[in-house]
Amino acid sequence: MPISKEFYDKTSDGHYISIYSLTNGSMKVKIIDYGGIITNIFVPDKDGKMEDIALGFDTYKDGYDTRNRYFGALVGRYANRIAKGQFTLDGVTHQLAVNNGPNALHGGINGFDKRLWASSIEGNKLVLKYTSADGEENYPGEVKVTVTYQLTDQNELILDYTATTNKKTIINLTNHSYFNLAGHAAGTLDGHFVRLAADKFTPVDDTSIPTGAIDDVNGTMFDLTSETNVVTRLPNVPGDKGFDHNFVLGKPGWDKHAARLRHTPSGRQIDMYTTEPGFQFYTGYYLGIDNAKGGANYRKWSAFCLEAQHYPDSPNQPSFPSTVLSPGETYRQTTKYVFSIAES
């Protein structure tokens, strides 16, 4: 599918940011090489009307530099939370920045979401590359990361991730796009219905760190295995913040269906498939951004995220799937978002 490149903005230290447009005739996705951020996703509704369903900002200076909530970004070196910002490898304890209450979140103060990636067009794919130095954000090992974006003519947005290291480290990468299928500025998740292909989840403490248990969703507010009206469930989720939880998919496997959300009035639907063992379903409790893209105001529970991942705090939870990457190994992940019109 065609990919075009344009100048987007400059970083605070004067480096050029490029924006790439991926089109297939029926939808368009825009991505910048700062943070690998998906800035726009234009998708038609059942009547062919296009809307941008991805939350974000109009320019780097409007918010991606200082006000971002990880909108659309590549997140790493470790997505989600690590308890007390600490983990131990081979007897050595590493202290990360504590940037989310008592915990480390999404790679630190200047994670992958705040880095300028080397970008290129290779055939029908946008390729982003970044080398994270040994000791960056106090993570061990030089890590070389490649992420490709591809938009197919089946309206599939496919993200492929690979990474290697020269020293044993931990890694957990994801994309942090916020979606609202009614349009990014809709302001509410009214009309959204969710179904998750996960019958287990990882319960958390009051700082959102997993307790170590893997619980059945059956009989709880986390049972989304059958289609559920999102807004009627949100106020009843324990903790009163809606969903911000890791759902368990079991053993990794290619093209594993993880989630479906559909918006009844527009007919828009998104499905996520991933090779990852879990994903974070987040409904935007901590949103609170004024004058974002197009002047929109983003409030709590006005968007959702589907963040394919290994489980939060895995380095400190021996029973969870390992996130350790050693020299000679290659980290691999594929996640696919499929956009369609729901059957009426």
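Nothing in this text is a laboratory measurement; each read-out follows from the coordinates by a stated rule. Remember, predicted model here, so these are calculated numbers, not experimental data. Cβ placement follows ideal geometry from the backbone for every residue including glycine, while neighbour counts extend to all protein chains displayed.
At 20 °C and 1.002 mPa s, what whole-number value in µm²/s does Stokes-Einstein give for the translational diffusion of the stretch 71-154, with Rh from the Kirkwood sum over Cα pairs? Working shown, then result.
Details: Rh = 14.1 Å.
Approximately 151 µm²/s, per Stokes-Einstein.
Separation of the stretch 22-39 and the stretch 117-143 by C-alpha centroid, Å?
Using only Cα atoms, the two centres lie 18 Å from each other.
Work out, step by step, the length gained on full extension between T188 and N218: first 0.36 nm times the residue separation, then minus their alpha carbon distance; give nm to one decimal. Let's see the in-between values first.
On the way: separation 30, 0.36 × 30 = 10.80 nm, distance 2.71 nm.
Value of the extension gain: 8.1 nm.
For D62 paired with N316, estimate the spin-label separation in nm (one decimal), with each label point 7 Å from Cα along the Cα-to-Cβ line.
Between D62 and N316, the simple spin-label model gives 3.8 nm.
Semi-axes of the stretch 20-70's equivalent ellipsoid from the Cα gyration tensor, sqrt of 5 times each eigenvalue, largest first, rounded to whole Å? It would help to have the intermediate numbers written out before the result.
Values: eigenvalues 109, 29, 9 Å².
Gyration-tensor ellipsoid for the stretch 20-70: 23, 12, 7 Å.
Would you calculate a helix-derived [θ] at 222 nm for the chain, using -39,500 (n - 2.57) for each DSSP H run of n ≥ 4 and dividing by the full residue count, to the nearest 500? Display every interim value, and only then the final one.
Numbers: 1 runs with 4 residues, N = 344.
Taking each H run of at least 4 residues, the total per residue is 0 deg cm²/dmol.
Using a Gaussian network model of the chain whose springs link C-alpha atoms within less than 10 Å, name the residue from Y331, Y149, Y34 with the highest mean-square fluctuation.
Y331
Label-point separation (nm) for E142 and V324, each offset 7 Å from Cα along Cα-to-Cβ?
Using points 7 Å along Cα→Cβ, the separation is 2.3 nm.
Counting only C-alpha contacts under 8 Å and six or more residues apart, can you give the relative contact order of the chain as a whole percent?
Details: 921 pairs, mean separation 60.9, N = 344.
Relative CO of the chain lands at 18 percent.
Size of the stretch 1-97 along its principal axes in angstrom, Cα-based, largest extent first?
57, 36, 25
Quote the FRET efficiency, to the nearest 0.05, computed for D13 versus T211 with a Förster distance R0 of 41 Å and r equal to the Cβ-Cβ distance. Walk me through the numbers before you get to the answer.
Working: r = 42 Å, r/R0 = 1.02.
After rounding, the FRET efficiency stands at 0.45.
Points 7 angstrom from Cα along the Cβ direction at K5 and T162: gap in nanometres?
Taking the two extended label points, one gets 2.0 nm.
Counting other beta carbons within 10 Å of each residue's own, what order do R67, R268, R233, R260 fall into, fewest first? Could you put the intermediate results ahead of the total?
On the way: R67 13, R268 26, R233 17, R260 20.
Going from least to most buried by this count: R67, R233, R260, R268.
From Cα pairs below 8 angstrom and at least 6 apart in sequence, can you work out the relative contact order of the stretch 142-288, rounded to a whole percent? Present the calculation step by step, with values, prior to reporting the outcome.
On the way: 240 pairs, mean separation 29.9, N = 147.
About 20 percent, as a whole number.
In whole Å, what is the distance between the alpha-carbon centres of the stretch 276-321 and the stretch 180-233?
Between the Cα centre of the stretch 276-321 and that of the stretch 180-233, the gap is 11 Å.
Which value results when the Cα radius of gyration for the stretch 3-341 is divided by 2.2 N^0.38 Å? Write out the running numbers ahead of the final one.
Details: Rg = 18.7 Å, N = 339, 2.2 N^0.38 = 20.1 Å.
This ratio for the stretch 3-341 stands at 0.93.
Assign unit charges at the C-beta atoms only (+1 for Lys and Arg, -1 for Asp and Glu), then state the dipole size of the chain relative to its Cα centre in Debye, rounded to the nearest 20.
Details: 33 positive and 39 negative charges, 49 e Å.
My answer is approximately 240 debye.
So how strong a dipole does the stretch 232-341 carry about its Cα centre when Lys and Arg Cβ are +1 and Asp and Glu Cβ are -1, to the nearest 20 debye?
Working: 12 positive and 9 negative charges, 86 e Å.
Value, rounded to 20: 420 debye.
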